[in-house]
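Following: one structure in structure tokens, then a few remarks.
What follows draws every value from the coordinates through simple rules; no lab data is involved. Here the structure is a predicted model, which is why all the values come from computation and not from measurement. For neighbour counting, all protein chains shown are included, and Cβ atoms are generated from backbone atoms with ideal geometry for every residue, glycine included.
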Amino acid sequence: MRVLLVEDDPRLAALIAEGLRDDGLMVDHAPNAAIGRGMAELETYDLLILDVMLPEGPQAGFELARVLRGRRDKTPILFLTARGDVDSKLTGLDSGGDDYLSKPFDFRELRARIRALVRRARGEATNLIPLPRGYTLDLAAHQVLKDGQPVPLTPREYALVECFGLNPGRAYSRNSLIERVWPGESEVDTKVVDVYVSSLRRKLGEDFIETVRGLGYRLGRVEEGP
């Protein structure tokens, strides 16, 4: 599996590339959008990982995706960026991106998203992840489903569910959840996390999210299929 990483931070690019190579992936690195475009047009990749804010401009990653999609390049695109607000995520998806991961991130989550994107591109699986109480996380549609129907959630509520769903066995501290769901918002009080968890429990069930005493929260138990 061959990956093109377009990232202008040399230290972060080296860390990502090293981690993916340890997983057996071939990784090519481009430090800006212009070089990335040339490499994407010359070589065949299984996945493109694009930073949004590149030397060419604050939305250069989005523009690169639009150019490649305009050339009928169907390679899966994962945006990896510090811009984690909802509007930026929607812009990324509308520009041709398939998924969006905000910095800072857990490398295990990056691996999970990469596997899901490649499986979907190869037609081996959908982006559906089982959740407690018979719910399903649809990563492609950015929705939580019950019996195939979307459950009304706010963008923040969905982001919390997605965080838990991608790492079902992991317990997150409140500060860790703030980093992932409210990136760049340093003034967010940890009590806000409790408010959103309570809201999700009212909508999805009290045991949907478990409290881990002394740490924070994790996803409830997912029932095994027959």
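The long axis of helix 155-166 is offset from the longest Cα principal axis of the chain by roughly 80 degrees. For the chain, the number of Lys pairs separated by eight or more positions or lying on different chains, with C-alpha atoms closer than 28 Å, is 9.
You can think of it this way: the chain between Arg170 and Val222 has 17.4 nm of extra reach, that is 0.36 nm per residue less the Cα-Cα gap.
Backbone geometry of the range 28-38 corresponds, through the Karplus equation with coefficients 6.51, -1.76 and 1.60 at θ = phi - 60°, to 3J(HN,Hα) couplings of 10, 10, 10, x, 8, 5, 5, 5, x, 4, x Hz, x marking Gly and Pro. Taking the inverse of the mean reciprocal distance over all distinct Cα pairs, the Kirkwood hydrodynamic radius of the range 94-209 comes to 15.0 Å. Per-residue ellipticity at 222 nm computed for the chain from its helices equals -12500 deg cm²/dmol, with DSSP H segments shorter than 4 residues left out and the rest contributing -39,500 (n - 2.57). Scanning the chain for GluC sites (Glu not before Pro) lying in DSSP loops with no more than 12 further Cβ atoms inside 10 Å, the longest uninterrupted stretch between such sites is 44-123.
Here the simple spin-label model places points 7 Å from the Cα toward Cβ, and for Glu18 and Lys146 these points are separated by 4.6 nm. Relative to the Cα centre, the charge distribution of the range 1-155, modelled as +1 at Lys and Arg Cβ and -1 at Asp and Glu Cβ, gives a dipole magnitude of about 460 debye.
In plain terms, the C-alpha convex hull of the chain casts an average shadow of 13.1 nm² when viewed from every direction. Looking only at the chain, where both bridge partners belong to it, what percent of the DSSP beta bridges are antiparallel (to the nearest 5)? Once the DSSP bridges in the chain are tallied, antiparallel ones form about 50 percent.
The length gained by stretching the chain between Arg111 and Asp28 to full extension, at 0.36 nm per residue less their Cα-Cα distance, is 28.2 nm.
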